[in-house]
Structure formats: structure tokens, C-alpha cells
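The values are calculated or read from the model by the stated rules, or taken from the named source; none is laboratory data. This structure is a prediction, so every number in the text was calculated from the model and none was measured. Because the Cβ atoms are built from the backbone with ideal geometry, glycine has one as well, and the counts that use them run over all protein chains shown.
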Ligand code: GLU
């Protein structure tokens, strides 16, 4: 067993070399996964697509593969919707109490779109990283933002360092097939945990899922979580350090569907994945990371993406543990 300590391993590393090694090992794992073709915008995506970006706070980017190709961010948007709600909470408008009385902070152990737990737990979703929880976050945002869609795009564009857009075809496709999300919203409304109409909440939610971003942009956009809440690109504070840590805690415990324990064990970073095959990861004090490979494993996480992240943290001292 190696006798090196964390401090000894924490030497400057050639991240470009590490990235090359990681990509070579991880990329073939995509062959065993399944692309979520039912997701609008993903019908024709090439399963061989692969991209990984590691972005330092000074803007240095270590990038491999199709890092400038856009895809719908899907569930990764749940992190940024929560950030918007917490920004409102920091402004002191009582949002914090309201939000956390309507959605929990525990892992669900159930699929991201499950209705079962919601029935047992009387319309209070387990956490904001599953669909039901994100619908509550959107419902809260509808009360506190003049224009939720514009606020979402504004935040993501600022963090990405360039404008990002919604693909309206993805929105239209998702709205047509959102039966399960509507069922959740209706169930929560029945339990008295929805203030706005199901249609309005679903519309906000699908717009956030349909924001199109690249791997490079998402790696940049994740950095503020690793930097105590300050966006290194603009120097602006996005959240207090205390709240940025809490968002990261929710990502670590709830951000990767039913595989959060496995991610904590093998990757050791706060992560959030989306069904289009991207995963963002925050490496405290070091990097924003994004990896994208569309084929998913049975838990709904990118198969090659997960392997790439665990190979990365095996090689570079980045984990939170
Ligand atoms: N738009 C998808 C849904 O609502 C997002 C799923 C995901 O990325 O986990 O089911």
C-alpha cells in the first residue's frame, strides 16, 4: 500500500496528460450503455460522442473530445434552479423557510421520476435533485422571479461566460411527453404543495431542462461551487460560501440518481448528472469539471462519464474526502 500522504500527492499535476489517460480508459465504456433516445433532442445523437473539460479558476481549460457540441442540460439544470432559489433566500425574503418546508434534503433511493415516495410522504419530495423536488423549486421561483426563464438563462450565460439558449423544439417535445412530471405536479397540488398551475410549473421546468450548453461551458459554470460561491470568471459572488457548500452537499448525496453512494465512493466529488449523458463535478478549490458521453448505465448516469470521473480522482488529489 502506498505510504504517500494527501499533502505529498497534492503536487502540481500535468492535467492535460491526466486527461488523455482518463479519456483513453473511459471512452470504451460507452459501448455498454444506452442512449435515452426518448428524450427530445437526443433521438439522433451519436453514441460515440465524448467530451471532458477541466477548468481552472484562472480560466485555463483542459479539454478533450467534442467539448463545443451542445446538448440539453436536462437534470443538471436542477442545480442552477436551486441556486436561483437560494439567491432569493439570501436576499431574505423568507424563501429559505418556505423552500425547505416544501422539499427535503435526503437522498431518495428511488428513480428520479418516481411517484411512489411522493404518495407516501404526502407530496413533499425528498430533495431538489429529483423531478418532483425541482418542480417545487420552480413553483417557488415563479413567486420570486419576474421571469424564471430569463433568470435561468441569465445565470447560466453569466457562469458560462457567453450567451446560452433554450432549444424550443426540445421544450415542445418534452411538454408533449411530460405525463409523469405532470402526474407528480398534480399529486403535489392535491397535497397542497403547489401554488401555481401545473401548466406553468411544467413550462418553467421543461425550459430549464432544454437549455443547450457545451461541455466546456458547463465546466466553467460549475466553478463557483468549488470556489466558495464566487464565479472566478466574473469575480462576482453567486452564493455565500455557506450556501455554495450546501448546494455541493445536496449534489453529493442526491445528484446522481440512485447511484449517489457509488459516486461518493468511486468519485468523491459533488456531481450532478443529466439524462443527456453529461455530469458536472465540483472539485473544491481547484476545478469545475464536466464530462459528456450519451450512453447511460441502468442508474441513468453516463457510463463513460462516471468512469472518467473516478479515473480522474484516482490520479489527482481532488476529492472532498
Ligand atoms: N427532462 C427530463 C425529465 O423531466 C430530465 C431527466 C433527467 O435528466 O434526469 O424526465
Picking from 225, 243, 307, the residue that is part of a helix (DSSP H, G or I) and surrounded by 24 or more Cβ atoms within 10 Å (Cβ to Cβ) would be 225
Evaluation of residue 21 against (1) away from the ligand (no atom under 16 Å from the Cβ); (2) surrounded by 18 or more Cβ atoms within 10 Å (Cβ to Cβ); (3) part of a helix (DSSP H, G or I) (one fails), failing number: (2)
Taking residue 76, is it in a loop (DSSP other than H, G, I, E, B), under 29 Å from residue 203 (Cβ atoms) and touching a residue at least 40 places away in the same chain (Cβ under 8 Å)? no
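Within region 65-84, is there a residue that is under 23 Å from residue 149 (Cβ atoms), more than 16 Å from the ligand (Cβ to nearest atom) and out of contact with any strand residue (DSSP E or B) (no Cβ under 9 Å at 6 or more places or on another chain)?
First, pick out the residues of region 65-84 that are under 23 Å from residue 149 (Cβ atoms): 70-84.
Going one step further and asking which of them are more than 16 Å from the ligand (Cβ to nearest atom), we end up with 83-84.
Filter once more, keeping what is out of contact with any strand residue (DSSP E or B) (no Cβ under 9 Å at 6 or more places or on another chain): 83-84.
Yes, region 65-84 contains a residue that is under 23 Å from residue 149 (Cβ atoms), more than 16 Å from the ligand (Cβ to nearest atom) and out of contact with any strand residue (DSSP E or B) (no Cβ under 9 Å at 6 or more places or on another chain).
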Residue pairs meeting the criteria (Cβ under 8 Å; at least 6 apart or on separate chains; first closer than 11 Å to residue 25 by Cα, in region 300-316; second within 16 Å of the ligand (Cβ to nearest atom) and at pLDDT below 95): 304/33
Suppose we filter 200, 190 for residues that are in contact with a helix residue (DSSP H, G or I) (Cβ under 9 Å, 6 or more places away or on another chain), more than 30 Å from residue 61 (Cα to Cα) and away from the ligand (no atom under 11 Å from the Cβ); which single one remains? 200
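Okay, residues lined up against (1) within 14 Å of the ligand (Cβ to nearest atom); (2) over 30 Å from residue 59 (Cβ atoms); (3) free of Cβ contacts under 8 Å to residues at least 24 places away in the same chain:
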position: 101; (1), (2), (3): no, yes, yes
position: 113; (1), (2), (3): yes, yes, no
position: 131; (1), (2), (3): yes, yes, no
position: 161; (1), (2), (3): no, no, no
Could you tell me which numbered condition residue 250 fails, if it satisfies all but one of (1) under 19 Å from residue 126 (Cα atoms); (2) more than 16 Å from the ligand (Cβ to nearest atom); (3) out of contact with any strand residue (DSSP E or B) (no Cβ under 6 Å at 6 or more places or on another chain)? (2)
Could you look through region 276-303, keep only residues that are outside any strand (DSSP E or B) and buried (at least 24 other Cβ atoms within 10 Å of the Cβ), and pick out the one that is farthest from the ligand (Cβ to nearest atom)? 293
Looking at region 254-262, can you tell me whether even one residue there is under 24 Å from residue 62 (Cβ atoms) and either within 16 Å of the ligand (Cβ to nearest atom) or in a helix (DSSP H, G or I) (or both)? yes
Which of the residues belonging to region 205-222 are touching a helix residue (DSSP H, G or I) at 6+ places or on another chain (Cβ under 9 Å) and assigned to a helix (DSSP H, G or I)? 205, 206, 207, 208, 209, 216, 217, 218, 220, 221, 222
Which numbered condition residue 272 misses (of (1) buried (at least 20 other Cβ atoms within 10 Å of the Cβ); (2) within 13 Å of the ligand (Cβ to nearest atom); (3) in a loop (DSSP other than H, G, I, E, B)): (3)
Test residue 108 against the stated conditions and say whether it is crowded, with 17+ Cβ neighbours inside 10 Å, without any contact (Cβ under 8 Å) to a residue 60 or more places away in the chain and assigned to a loop (DSSP other than H, G, I, E, B). no
